[in-house]
Structure formats: structure tokens, C-alpha cells
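Rule-based calculations on the coordinates, nothing more; no lab input. The shown structure was predicted, so the numbers you read here are calculated from the model rather than taken from an experiment. As a convention, Cβ positions derive from the backbone with ideal geometry for all residues, glycine included, and neighbour counts pool all protein chains shown.
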Amino acid sequence: MRDDAPNSWESRADDYSLYGFTDLPTIHDRGAVVLTHGEGPYVVDVHGRRYFDANSGLWNMIAGFDHKGLAEAAKAQYDRFPGYHAFFGRMSDQTVMLSEKLVEVSPFDTGKVFYTNSGSEANDTMVKILWFLHAAEGKPQKRKILTRVNAYHGVTAVSASMTGKPYNSVFGLPLPGFLHLSCPHYWRNGKPGETEAQFTARMAAELEATIIKEGADTIAGFFAEPVMGAGGVIPPSECYFQAIAPILKKYDIPLVSDEVICGFGRTGNTWGCQTYDFMPDAIISSKVLTAGYFPMGAVILGGELAARVQAASEAIEEFPHGFTASGHPVGCAIALKAIDLVMNEGLGQRVRDLTPRFEAGLAELAKNPNIGEWRGKGLMGALEAVQDKATKTPFPGTLSVSERIANTCTDLGLICRPLGQSVVLCPPFITTEAQMDEMFEKLETALKKVFAEVA
């Protein structure tokens, strides 16, 4: 509980911080959790309380909060060359090496990489690349962007317009030309009597009907997360990408895989598009790219798209876009180490080893009569709370059930994330079997307590 003394950490946080994506009634009642350091997958607050962070920070701290190898990579690069940009044909050697590595580990045979400071900026950049490319190729009207309801692609004005969340309406978003198709969540959105295959076919038919209605020559691209993360960990319906990819190809609409959350191991493969067996035209990366140790995003263009963008840029002698810290040498050095941890030092395999135990834990908790569905892929999962399991009726929003579950978990020393009616788990890749059992035991205690109060 919060300490309301004038000079307490909680009061100081209130006085000087504008909280983002934060349930303000919770902060009013409980105060902010102010942290001092981390120990493996645990974080420690100013009062010495220790929490297992089952959200990996914000999906990204997959190697924990005190990984020596990542810290040493940062320190060594700060000593050697602490900062630079990637403008005017100048960039660090680390930037060159990371670009090579990203194309090497991508599903593309060839390609090019452009760096940003976040996933939001990377998605924003990708939209600008598509607008630039289509205009250069004589199709300036090809500007509309297709995404899905419940998608999350970022918080810049453009990437927030791509994000299919109702809260963006308070900013007057989405901007014109950003169109949201149905969320491919079969459990929640399937019609009575509709099979999963029929549901997927309906999603594909909606896509094609939208393209025909809007005009294929007006649509710049289609962006999709392999698993919709901030939508509540929603895997696509069966064969969803196999159904939509040929339609996009038929109408010459680039498919962009937003791998900000899924990329570098979270779903059990290097990329989510590999998990779901589809080939995008470009990939958006961030979060696990640096294991959370540096703010960085990347646009990875496949060879065909890269060649077209290169030609368009040469026609005007430059690609007029960039950020001061694009390709920052320290961030690139950390990213090279993070990729090595996932691909060569066992963290990617750790996800595959832990997944059966993780899925079994979710399935066991889903036996609770107030859990309507468990869902997930790899080390990302969600439990959706319902008032009535048979009818899938959610609890009234006024009860704030998922917030209450998350707050109770915090009291028990477990950090998890409420998303709508769901509780989301995405533990660090370094999690041990014992720590995973601890996570599920504490969550079970919280579920029983909260459901006893509201059911």
C-alpha cells in the first residue's frame, strides 16, 4: 500500500509523473511501485519488496534485469565509441554488423535495415516507406493502411492510427485512411455453429471485400502481428495467414509482420511469421532486439521491397527520413549480444523447453469456472475472465476484474498485466521451472480470492 508521507517515493511519483497506460484509481489507492534494481527475473522496490516480473518488464527483458553479458557489451561499447548517428553515409561498425546479422537471421535471402528508437517509430517509418515508394512508382493514391481491431502497433500519431483500440479516439485518431478489419479471435468472434475453418474463410473474405470496396490501387500495405500481443495475446485462427497472404499478393499489397513482441524467440521460433508459416515483405522489430537494455527498433525490408525503395531513393538522391539515435553504436552492440543469447546461448531453446510447462499451467488455471479461455503461443499467454463460462459473458467493466487480479498478484509478489478482461503472462526466457511454478501458484491464489469477491 502507498506511503502518503510528503517525501515518500509514492508522493514524489504522483507530484512529478504523468502516468501512461496506468489505471489511475489503482495509483490513487495503492501508489506507484517505485523500483530500485533487478535480480534475474525479479525486480525490487524502494521498500525492499521483491516481485517476480511475469511481464518481462514490457515483453522485452527476456534475459532478466541484471544480465552481466548485456551490461558488459554496453560498457565496452561506451568505452570504445559511446554514440553516433547513421546519417550522411556515416555509421558505426556495430551498426553495419547488426544490419548484416538481422538480414542473416531474417527469413529473407537479402534485404536492408533501417533503425529507429522504438517499435512505434519503426511502424511509423514503415508506413512512410510505403507512401514514399508508391508515390515514387507513380501511385501516389496508394496510401491506405489495413490493420485489425485489437491490433497494437504503437503510439505515434501514425502507429496509433494503426492500433485498433478504442482509447485512441480521445486523440481524434485514427487518421483518415487507416482501416481496421475484424480481429481474428475465433473463441470470442466466431458465430454460433461456425467452425474455425469457416471463421478463417470469413476473415479472408472480409479482407478481399474491403480491398475491392476501397480499391486495391489505394491500399499501401497490410500490417499484422503474428500473435496480437497488447490485444490480449490473441493467436490467429487456424490457417489465417495462409488464407490472407494470397489475397494480398493477388492485389499487390505488401504484408508487414509486426514482430515487436513476437520476434527473437517469444513464440518458440526466431520470428512469429516462421511459427505461423508465412512470408512477409518486411518485418518490424524492437523489444527483444536489445533484450530491453537499450531503446531500439528496426525495419527489416525483404530483398524485393528493399530494391524498390533503393531505386526510389536514388531517383531523388536520398531517403529523407531518420532519427538522431538511429543505429546507435551502444544499442547495436547490445542487440548483437542479445541475438547471440537467443540464438546461440540457449535462450531460444529455453522458450521451447518451458512452453509445455507454461501451457499446462495455463490449462490448469483455465479449469476455474470464471476463466473462459486460456490462449497463447510459446512463452506468451492469457487467461480471459468471464462471469459465465457457458455463454462467455464477461464481467461488468465496473468491477475491474483483471485489475483486481493483477493488484492481488502484486501484493503476493507477482507482476502480471491486466488487458481488458484478461490477465497476460510473458515471463523472461531465463525463468526456471521452480519460478514458473511459483508464478502459477500465486496467480491461482489471486484468481480464487478475486472471483470469490465478484462471482
### Query
Hey, rough spin-label estimate for MET279 and ARG357, points 7 angstrom out along Cα→Cβ, what's it come to in nanometres?
3.8
#### Entry: Cut-off 18 Å, label 7 Å out along Cα→Cβ of GLU433, residues of the stretch 344-358 by amide N
347, 349-358
### Query
Remind me, relative contact order of the stretch 169-294 in percent, using alpha carbon pairs under 8 angstrom and six or more residues apart?
22
### Task
Express in nm, to one decimal, how much length is gained between ASP93 and ALA455 on full extension, taking 0.36 nm for each residue of separation and deducting their alpha carbon distance.
124.4 nm
### Message
If packing is taken as the average number of other Cβ atoms within 10 Å across a peptide's residues, how do 282-289, 301-308 rank, most packed first?
### Response
282-289, 301-308
### Task
Work out the length of the dipole vector of the stretch 264-348 about its Cα centre, built from +1 on the beta-carbon of each Lys and Arg and -1 on the beta-carbon of each Asp and Glu, and round it to the nearest 20 debye.
360
### Message
For TYR276, TYR78, TYR251, which order do you get if you count the other beta carbons within 10 Å of each Cβ and list the fewest first?
### Response
TYR78, TYR251, TYR276
### Message
Please compute the length gained on full extension between SER169 and GLN349, using 0.36 nm multiplied by the number of residues separating them and subtracting their Cα-Cα distance.
### Response
60.7 nm
#### Entry: Sparse-neighbour loop sites [trypsin sites (Lys or Arg not before Pro); the stretch 323-429; at most 16 other C-beta within 10 Å; DSSP]
LYS367, LYS389, LYS392
### the chain: relative contact order in percent, alpha carbon pairs under 8 Å with at least 6 residues between
20
#### Entry: Taking PHE429, PHE52 and counting other C-beta atoms within 10 Å, the order from fewest to most
PHE52, PHE429
### Query
Just the projected area, averaged over all directions, of the convex hull on the alpha carbon atoms of the stretch 88-202: how many nm²?
10.8
### Task
Could you tell me which of the pairs LYS139/LYS213; LYS68/LYS112; LYS213/LYS250 are separated by over 20 angstrom between their Cα atoms in the structure shown?
LYS68/LYS112
### Summary
Checked against the positive end of the charge dipole of the chain (+1 on Cβ of Lys and Arg, -1 on Cβ of Asp and Glu, about the Cα centre), the farthest of ILE244, GLY420, PHE88 is ILE244
### Structure-derived Rg and Dmax of the Cα atoms in Å - corresponding label in (1) 21.2, 72; (2) 22.7, 78; (3) 22.1, 66
(3)
### Message
Among ILE211, VAL103, PHE395, whose Cα projects farthest towards the positive end of the dipole of the chain, with charges put on the beta-carbon of Lys, Arg (+1) and Asp, Glu (-1)?
### Response
ILE211
### Task
DSSP loop (so not H, G, I, E, B), at most 15 other Cβ within 10 Å: list which GluC sites (Glu not before Pro) in the stretch 98-205 pass both filters.
GLU137, GLU194
### Query
Size of the dipole of the chain about the Cα centre, Lys and Arg at +1 and Asp and Glu at -1 on the beta carbon, nothing else charged, in debye to 20?
580
### Query
When ARG148, ARG50 are ordered from fewest to most other Cβ atoms inside 10 Å of their Cβ, what list results?
ARG50, ARG148
### Charge-dipole axis of the stretch 70-343 as Lys and Arg at +1 and Asp and Glu at -1 on Cβ define it, positive-most pick from TRP271, ILE234, ALA335
ILE234
